[in-house]
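> Pasting a structure below so you can have a look.
The values are calculated or read from the model by the stated rules, or taken from the named source; none is laboratory data. Keep in mind that what you see is a predicted model, and the values were worked out from it rather than measured. Virtual Cβ from ideal backbone geometry, glycine too; neighbours counted across all protein chains shown. All accessible areas refer to the heavy atoms of the entire protein, side chains included, with ligands and DNA or RNA removed. Shrake-Rupley method; radii C 1.70, N 1.55, O 1.52, S 1.80 Å.
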Amino acid sequence: MKRFHWGLLALAIVACVVAAWIIYVPGPTAFASGSTVALGDYKGTNPTGVPVSLASGDIVKRGEYLTRAADCEACHTAKGGVPYAGGLAFNLPFGTLYSPNITPDKETGIGNWTDADFINALHKGIAPDGSRFYPAFPYPSYTLLTNDDVLAIKAYLFSLKPVRQETEPNSLAFPFNQRWGMMFWSLFYNSNERYRPNPSQSAEWNRGAYLAEALGHCGECHTPRNLLQAVDNKKKFAGAVTAGWRAYNITQDATSGIGSWDLDTTAKFLAHGHVEGLGTASGPMGEAIDMSLRHMAPEDINALVVYLKSIPAIADTSLPLPKTMLASGFPTNQEIAENARGAMIFAGACAACHGWSGKSPILSYADFVGGRTVNDPTARNVAQAIIWGVTRHTPNGVVTMPGFGKAYSDEEIAAVSNYITARFGAEKSRITAADIKTIGKQASQ
Amino acid sequence: MITLHVNGQPHDVDASPDTPLLWALRDVLGMTGTKFGCGIAQCGACTVHVDGQAVRSCQLSIGSVGDQAITTIEGIGSSDVGAKVQKAWLDLEVIQCGYCQSGQIMSAAALLAHKPHPTDEDIDAAMAGNICRCGTYVRIREAIKKATAA
Amino acid sequence: MEKIATSEISKLSRRALLQAGAAGILLLSFRLPQARAAGDTFAPNAFIRVGNDDVVTLVMPQVEMGQGIYTALAMILADELDANFDKVVLQHAPPDKAYNNPIFGVQATGGSTSVRAFWDPLRKAGASARGMLVEAAAQQWSVDPSTCRASNSEVIHDASGRKVGYGAVASLAATLKPVSDPKLKTLKDFTLVGRPVQRKDTPDKTNGKCQYGIDAMPAGVKFAVIAECPVFGGKVGHVDDAKAKAIKGVQQIVVLDDCVAVVGDTTWTAIRGLSALDITWNEGANANVDSAQIWEALRTASKGPGAVAKKVGDVDAAFAGGTHYEGVYELPFLAHATMEPLNCTLHYTKDACEVWTGTQVIGRVQEYVAKALDLPIEKVTVHNFYIGGGFGRRLEQDMAIKAARIAKEVDGPVKVMWRREEDTQHDVYRPVYHNAVSASVKDGKIVGWTHRITGSSVIVRWLPPAFKDGVDIDAVDGAADQPYGFPNLKVEYIRAEPPAVPTGFWRGVGPNNNFFTIESFIDEIAHREKVDPVAFRLRHLDGNPRLKAAIQLAAEKGNWGSTLSSPRMGRGISAQNAFGSFIATVCEAEVDESGEVRVHRLVAAVDTGIMVNPDTIVAQLEGGLIFGLTAALFGEITIENGRVQQSNFNDYRILRIDEAPKIEVHLIPSTEHPGGIGETGTTAAPPALCNALFAATGVRLTRLPIDRNALAGRKPA
């Protein structure tokens, strides 16, 4: 009897520890050696705010830079809609969330918000009416922002033309439609604490950390989430699926991450979302580059690189080392025997831009060779790009791949996705029509 | 000013480097044989050769062409393979409205230059990017085969 | 032959008009049109010019858009004229009533009418001119004209061995009175007609020389690209052009009430300028229209009272007893997607306008451009071009009117072009159609048949006199005169205009809808009656030997009844007489487990009467069948928020070469009046395909495009 009780207790303790371990999440920079200090106690170069070159600018100018760095536009703009007027649909397993209008329209936007309201929203995830935001709004990241930076962002948003655009109501199923539930979630997962620099790390590192964690909120997509949907920093930047797209492993693992990219390459990719031989960012990362990262000052890109380079490697065995050899010629009989439909669609709709070799005859942005997307044996992002298309802003103008999801069947999209990974990637994928149907709906629209 | 080498002749083009080759050919150089169909490399009507490769000129900016040799439908007949393709096209009366056929002929000529004896699968791979709304596909296939036999 | 219910309609029906033409009621205009080539000495009618330099110029009353009509019409003229075909020069007709299509009474190319309408007039024109040239030579030689003959643009007097070229007698011929009732050749005398002749238009289409409207480059031309409100009927609200104006090469931004155009030094700068514009549209009342509403409205309308297009026998009696079948068939909106996007080049000066464009209705372009610019019609000159695909889209003049309104604001000539996306989203669409059919079968034969067609009337807008008593003769074409001679028949039409969406003629026109319905439904009845679909059709065709023969030939050549190479394959047939031609088509198609369809083979047999250029007939069938397959497999324009959802070939899909089946076309020799051919294949393919899919899967598809989900997972039938 007694022993039994002891056993039960031990079991309960183990269960609690396990549960605690599962739900416990370390801070975003906890991986780094050295301890952190409050901003006010930090003696190094201020890691917050805007780059020196912009520091003398007015608050709106500074706010514009920070708003871009925080990439507010990507989520707060419907496809083809007015920037910041909201309406982008996030298709989640338990319903659809619509991003709100954050233009200063008094009725449909945030025109009536006070400074305190805005700070509350970004730091605590609480709306002026006291209701709770869902963590699709990355306030656990924005909570790291200084008050000054938050208010600069607000100043910029309030300088925009007010757009009258009602936000469609969310359609979440019970119990997810109970916003108050987020209170408990926030208790666990929103530190409500400003960024704490780490004096043992370099000034660049600290700036990079602020950019990546407080503003850019990289981990919101690139870090896997735990059971309670919190960013799990134990697997920091190890890759995850967000909004139907795979945000790849950006740890320093040389095979599945970006550990083999040198400093210059990493910087170039961050600034352009494209490096010859490494492919092109598409989907949400393409948007993050276009709306946010390409506007960053070179010193901030460098700071980000320094920070990324410090991320511990975590191997993802599902991602092979990208194939760097060009494919050759037209499809072989074997390819056709394996996937005739995929070969047909590739020939008709894809080859003109992407080339049969994986090197585009037109534009390096359309190269496949060496890119992670075609070297992902789930073919998830290949399929999403096909379904929805890709639009990228390059130094030489806008580059567009049209979407094919409306006119090609799930079966066809699966076939051509598998054809593409087989021809251009290290490992062929086996995505199915059912997968296409599912993932196509997951993308934000 | 950008210099393009079209059908063996240098041409100075006063247009911004992002201008697609298609519009430089048509609007600046007045070479209208290369056609606009979709503007997104889905139809192939704008196909030209750049260093012997079939390329969609609606997507290729003149700034990225450099010194590469451009061949258009106006010049393809001066190559053996081009002339053979043109002849086969007429012998089999492939053409209907003809609007896509500049591109079809350019794609076929590029195919035959690289693969003098293409299989049906090669023809599919090389020609599937060229849409013909009149539906001349049956004859295009035959004409390519005829051109190889010639 | 049964008469269409309303006699007024029959006056305008194609067949009636053809008969009228054949009887010589429609007189050829001998008035000379305004445009004449220099040096034309002898111009006996609107179609023929002979210069004293021996050049024979033939003026083409119908436009060349791929259907080979320049060659066919030139063959007819040259054959009767005995002109040297290799040397004749072809010219686009200017706008002039002399070139009116006798069937429409409008200078229009469409409805597969060109050869049907111009066969007699052109033969007479050629023969009459030949007679005058012979007469002139005979006068010169002082011999009896009956002792002379003509060949290869020469008059020959065999008795004396003398020969003279047409050019040398052109001046004298011009002084002679036209022969009003010339002797026409008999079939066996034709030297061109009936032989496969190299097309006149194709050599220049292999080397880039051929000029389409989009290739017009008048000196100093500027390039404009247009944007119209994405919502039908919407207007321009506000245009912020600051960014566009900053682009080098952007010359002008034209803002009209319903569209915006950017003018640049190249099309590319115009495109960039247009993309840089920030346009706010006033979307207007149509902003909430969507496909679901349109279908609902159409189905509701289909239940209302219909106008009777044809009534034969006693349908009620036929449905008393017998086995009854009912069916509903529906077709979607379709875009034309011509490879040459819409364009029109104009040079407006204060008191005149010159227009360069490829159009199926040159007279209307002239008329409406004049109206748009408030100019007298004679001050508008229109140059027609080769057409990079018409399919009915260029039977409209909307693009010319819009371009004219833009050109009015521009100094110097300007080419106005629609980008592909604009072309797709501002088309006039093949209407959505709803068909309710029923049949009564007794003793294995259909004894009663009703067909109620609901859809937009294009005719009411395009050719108002042809819409009478609520019946659109095009919408019921093929249904009112269905091929099977059902003894009791009622065909009704309900005009139902879709909200917001403009409709227009689309290759295959009314028969597309009607034969999809008839041929799907009769196939279904044959299946339910457990009779072979070919045998079942033949049972009803004793009164239609030409179609019967076509079905028999197609069945034979298509290996009807033989085992297919895969249990997932099926074979289907369709039959039609439309456009004056009799066609049967056998389709072999395969459906995989996921419902994906592969069309392997199409075999068509065609009796189109006298064949002018047999190879063109084969080509038109091949192309038309593929056009029809594209529609059946992929074609659908959908509407959401008042906008067309499709934009370019990525989402409005066109069949590609690797998706195209093998096609065989078998020609049936005939001495009947020539029929039309350009549209027939488009009409034939969809029902043949759906019947093949039924044979493969047991799933009857009653809507297009085909629903892969409905076919998915089906075991082989």
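> So if I check each of C:THR191, C:THR186, which one is closer than 23 Å to C:GLN620 by Cβ, open to solvent by 60 Å² or more (accessible area, probe 1.4 Å) and away from chain B (no Cβ under 13 Å)?
The match here is C:THR191.
> Can you report the number of residues in the range A:410-445 which are within 12 Å of chain C (Cβ to nearest Cβ), surrounded by fewer than 22 Cβ atoms within 10 Å (Cβ to Cβ) and touching a Lys or Arg at 6+ places or on another chain (Cβ under 9 Å)? Steps first, answer last, please.
To start, the set of residues in the range A:410-445 that are within 12 Å of chain C (Cβ to nearest Cβ) comprises A:410-415, A:432-434, A:436-437.
Keeping just the survivors that are surrounded by fewer than 22 Cβ atoms within 10 Å (Cβ to Cβ) gives A:411, A:432-434, A:437.
Narrowing the set further to residues that are touching a Lys or Arg at 6+ places or on another chain (Cβ under 9 Å) leaves A:411.
Result for the range A:410-445: 1.
> Might you let me know whether the range C:466-483 holds any residue that is touching a Phe, Trp or Tyr at 6+ places or on another chain (Cβ under 9 Å) and basic (Lys, Arg)?
As a first pass, look at the range C:466-483 and keep what is touching a Phe, Trp or Tyr at 6+ places or on another chain (Cβ under 9 Å): C:466, C:470-480, C:482-483.
With basic (Lys, Arg) added as a condition, the list becomes none.
No, the range C:466-483 has no match at all.
> Being surrounded by 21 or more Cβ atoms within 10 Å (Cβ to Cβ) and more than 9 Å from chain C (Cβ to nearest Cβ) is the filter here; which residues of the range B:70-83 pass it? Outline the logic, then answer.
Looking only at the range B:70-83, we keep the residues that are surrounded by 21 or more Cβ atoms within 10 Å (Cβ to Cβ), and these are B:70-73, B:75-76, B:82.
Within the range B:70-83, B:ILE70, B:THR71, B:GLY82 meet the criteria.
> For C:ALA219, work out the one condition from (1) closer than 18 Å to C:HIS673 by Cα; (2) open to solvent by 50 Å² or more (accessible area, probe 1.4 Å) it doesn't fulfil.
With respect to (1) closer than 18 Å to C:HIS673 by Cα; (2) open to solvent by 50 Å² or more (accessible area, probe 1.4 Å), C:ALA219 is out only on (1).
> Next question. Give the residue, chosen from C:TYR329, C:TYR368, that is touching a His at 6+ places or on another chain (Cβ under 9 Å) and not in a loop (DSSP other than H, G, I, E, B). I'd like the intermediate steps shown before the answer.
On the way: C:TYR368 fails: touching a His at 6+ places or on another chain (Cβ under 9 Å).
Answer to the selection: C:TYR329.
> If you don't mind, another one. So if I check each of C:SER562, C:SER574, C:SER594, which one is away from chain B (no Cβ under 13 Å) and without any contact (Cβ under 8 Å) to a residue 24 or more places away in the chain? Don't jump to the end; show me each part of the working.
On the way: C:SER574 fails: without any contact (Cβ under 8 Å) to a residue 24 or more places away in the chain; C:SER594 fails: without any contact (Cβ under 8 Å) to a residue 24 or more places away in the chain.
Only one candidate qualifies: C:SER562.
> Now for a separate question. Taking into account only those residues within the range A:304-337 that are β-branched (Val, Ile, Thr) and surrounded by fewer than 17 Cβ atoms within 10 Å (Cβ to Cβ), which is nearest to A:ALA30 (Cα to Cα)?
So the first thing to find is which residues in the range A:304-337 are β-branched (Val, Ile, Thr), and the list is A:305-306, A:311, A:314, A:317, A:324, A:332, A:336.
Subset that is surrounded by fewer than 17 Cβ atoms within 10 Å (Cβ to Cβ): A:317, A:324, A:332.
Values: A:THR317: 24, A:THR324: 35, A:THR332: 51 Å.
The selected residue is A:THR317.
> Could you figure out which of (1) within 29 Å of C:ASN641 (Cβ to Cβ); (2) touching a Leu at 6+ places or on another chain (Cβ under 7 Å); (3) within 8 Å of another protein chain (Cβ to nearest Cβ) isn't true of C:VAL239?
(3)
For (1) open to solvent by less than 40 Å² (accessible area, probe 1.4 Å); (2) under 24 Å from A:ARG225 (Cα atoms), each residue gets a yes or a no:
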| residue | (1), (2) |
| --- | --- |
| A:THR77 | yes, no |
| A:GLY81 | yes, no |
| A:GLY95 | yes, yes |
| A:TRP113 | no, no |
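> For the condition at pLDDT 95 or above and within 22 Å of A:LEU304 (Cβ to Cβ), what is the one hit in A:PRO51, A:PRO26?
Working: A:PRO26 fails: at pLDDT 95 or above.
The match here is A:PRO51.
> Which of the residues spanning the range C:107-144 are surrounded by fewer than 18 Cβ atoms within 10 Å (Cβ to Cβ) and out of contact with any Ser or Thr (no Cβ under 9 Å at 6 or more places or on another chain)?
Hits for the range C:107-144 are C:GLN139, C:GLN140, C:SER142, C:ASP144.
> Okay, moving on. Only one of these is among the aliphatic types (A, V, I, L, M) and without any contact (Cβ under 8 Å) to a residue 24 or more places away in the chain: C:ALA352, C:ALA370, C:ALA335, C:ALA404. Name it.
So the residue among C:ALA352, C:ALA370, C:ALA335, C:ALA404 that is among the aliphatic types (A, V, I, L, M) and without any contact (Cβ under 8 Å) to a residue 24 or more places away in the chain is C:ALA370.
> Within the range A:124-166, which residues are surrounded by 19 or more Cβ atoms within 10 Å (Cβ to Cβ), among the charged types (D, E, K, R) and farther than 23 Å from A:ARG62 by Cβ?
A:ARG132
> Given B:SER107, B:SER102, which one is facing chain C (nearest Cβ under 7 Å), at negative phi, part of a helix (DSSP H, G or I) and not basic (Lys, Arg)? Spell out how you get there, then give the answer.
Working: B:SER107 fails: facing chain C (nearest Cβ under 7 Å).
Of B:SER107, B:SER102, the one residue that is facing chain C (nearest Cβ under 7 Å), at negative phi, part of a helix (DSSP H, G or I) and not basic (Lys, Arg) is B:SER102.
> Would you pick out the residues in the range A:49-75 that are open to solvent by less than 30 Å² (accessible area, probe 1.4 Å) and in contact with a Pro (Cβ under 8 Å, 6 or more places away or on another chain)?
Initially, the range A:49-75 is screened for residues open to solvent by less than 30 Å² (accessible area, probe 1.4 Å), giving A:49-51, A:57, A:63, A:65-67, A:69-72, A:74.
Answer for the range A:49-75, where residues must be open to solvent by less than 30 Å² (accessible area, probe 1.4 Å) and in contact with a Pro (Cβ under 8 Å, 6 or more places away or on another chain): A:TYR65, A:ALA74.
> Next up: I need the strands (runs of 3 or more DSSP E) fully contained in the range C:86-180, keeping only those with at least 1 residues that are under 30 Å from C:ARG393 (Cα atoms).
Working: elements: C:89-92, C:148-151, C:154-157, C:162-165.
Where strands (runs of 3 or more DSSP E) fall fully within the range C:86-180 and carry at least 1 residues being under 30 Å from C:ARG393 (Cα atoms), they are C:89-92.
> What tally of residues in the range B:16-30 results from selecting those that are surrounded by fewer than 24 Cβ atoms within 10 Å (Cβ to Cβ) and either out of contact with any strand residue (DSSP E or B) (no Cβ under 7 Å at 6 or more places or on another chain) or more than 7 Å from every other protein chain (Cβ to nearest Cβ) (or both)?
Qualifying residue count, the range B:16-30: 4.
> Further, regarding this structure: Against the definition (open to solvent by 30 Å² or more (accessible area, probe 1.4 Å) and in contact with a Ser or Thr (Cβ under 6 Å, 6 or more places away or on another chain)), how does C:ARG507 come out, yes or no?
Working: open to solvent by 30 Å² or more (accessible area, probe 1.4 Å): no; in contact with a Ser or Thr (Cβ under 6 Å, 6 or more places away or on another chain): yes.
Taking the combined requirement at face value, the residue does not satisfy it.
> If you go through the range C:568-586 one residue at a time, do you hit one that is modelled with pLDDT of 95 or more, surrounded by 24 or more Cβ atoms within 10 Å (Cβ to Cβ) and of a type in the set (Phe, Trp, Tyr)?
yes
> Still on this structure: Please determine whether any residue of the range B:123-133 is more than 9 Å from chain C (Cβ to nearest Cβ), open to solvent by less than 40 Å² (accessible area, probe 1.4 Å) and touching a residue at least 40 places away in the same chain (Cβ under 8 Å).
Filtering the range B:123-133 down to residues more than 9 Å from chain C (Cβ to nearest Cβ) leaves B:126.
The next check asks that each one be open to solvent by less than 40 Å² (accessible area, probe 1.4 Å); those that pass are B:126.
Retained after the next criterion (residues that are touching a residue at least 40 places away in the same chain (Cβ under 8 Å)): B:126.
Yes, because at least one residue in the range B:123-133 is more than 9 Å from chain C (Cβ to nearest Cβ), open to solvent by less than 40 Å² (accessible area, probe 1.4 Å) and touching a residue at least 40 places away in the same chain (Cβ under 8 Å).
> In the range C:377-396, how many residues are in a loop (DSSP other than H, G, I, E, B) and touching a strand residue (DSSP E or B) at 6+ places or on another chain (Cβ under 9 Å)? Step through it out loud before you land on a result.
In the first step, residues of the range C:377-396 are kept if they are in a loop (DSSP other than H, G, I, E, B); the result is C:385, C:387-392, C:396.
Checking which are touching a strand residue (DSSP E or B) at 6+ places or on another chain (Cβ under 9 Å) leaves us with C:385, C:387-388, C:392.
Summing the residues that are in a loop (DSSP other than H, G, I, E, B) and touching a strand residue (DSSP E or B) at 6+ places or on another chain (Cβ under 9 Å) in the range C:377-396 gives 4.
> Looking for whichever is in contact (Cβ under 8 Å) with a residue 60 or more places away in the chain, open to solvent by 10 Å² or more (accessible area, probe 1.4 Å) and over 17 Å from the mean Cα position of the chain (by Cα) here; the options are C:VAL447, C:VAL460, C:VAL432, C:VAL491. Which one fits?
Numbers: C:VAL460 fails: in contact (Cβ under 8 Å) with a residue 60 or more places away in the chain; C:VAL432 fails: open to solvent by 10 Å² or more (accessible area, probe 1.4 Å); C:VAL491 fails: open to solvent by 10 Å² or more (accessible area, probe 1.4 Å).
Matching residue, one of C:VAL447, C:VAL460, C:VAL432, C:VAL491: C:VAL447.
> Using beta carbons and a limit of 8 Å, which pairs, at least six apart or on different chains, have the first residue in the range C:238-261 and open to solvent by 80 Å² or more (accessible area, probe 1.4 Å) and the second one in a loop (DSSP other than H, G, I, E, B)?
Taking only residues 6 or more apart or on different chains, the pairs are C:LYS243/C:LEU277; C:LYS248/B:SER16; C:GLN251/C:ASP265.
> For A:THR324, state whether it is away from chain B (no Cβ under 14 Å) and touching a residue at least 24 places away in the same chain (Cβ under 8 Å). Can you show your working first?
Numbers: away from chain B (no Cβ under 14 Å): yes; touching a residue at least 24 places away in the same chain (Cβ under 8 Å): yes.
Yes: the conditions hold for A:THR324.
> Let me ask another. State all residues of the range B:43-58 that are in a loop (DSSP other than H, G, I, E, B) and surrounded by 23 or more Cβ atoms within 10 Å (Cβ to Cβ); if no residue qualifies, say none. Don't jump to the end; show me each part of the working.
Within the range B:43-58, the subset in a loop (DSSP other than H, G, I, E, B) is B:43-46, B:51-52, B:57-58.
Residues satisfying the conditions are B:CYS43, B:GLY44, B:ALA45, B:CYS46, B:SER57, B:CYS58.
> Looking at A:ALA243, A:ALA254 in this structure, which one is modelled with pLDDT under 95, open to solvent by 30 Å² or more (accessible area, probe 1.4 Å) and outside the structural domain of A:PRO93 (by TED's automatic domain parsing)? Steps first, answer last, please.
Numbers: A:ALA254 fails: modelled with pLDDT under 95.
Answer to the selection: A:ALA243.
> What number of residues within the range B:1-14 satisfy the criterion of being open to solvent by 20 Å² or more (accessible area, probe 1.4 Å), in contact (Cβ under 8 Å) with a residue 24 or more places away in the chain and either touching a Cys at 6+ places or on another chain (Cβ under 6 Å) or within 12 Å of chain C (Cβ to nearest Cβ) (or both)?
Final tally of qualifying residues: 1.
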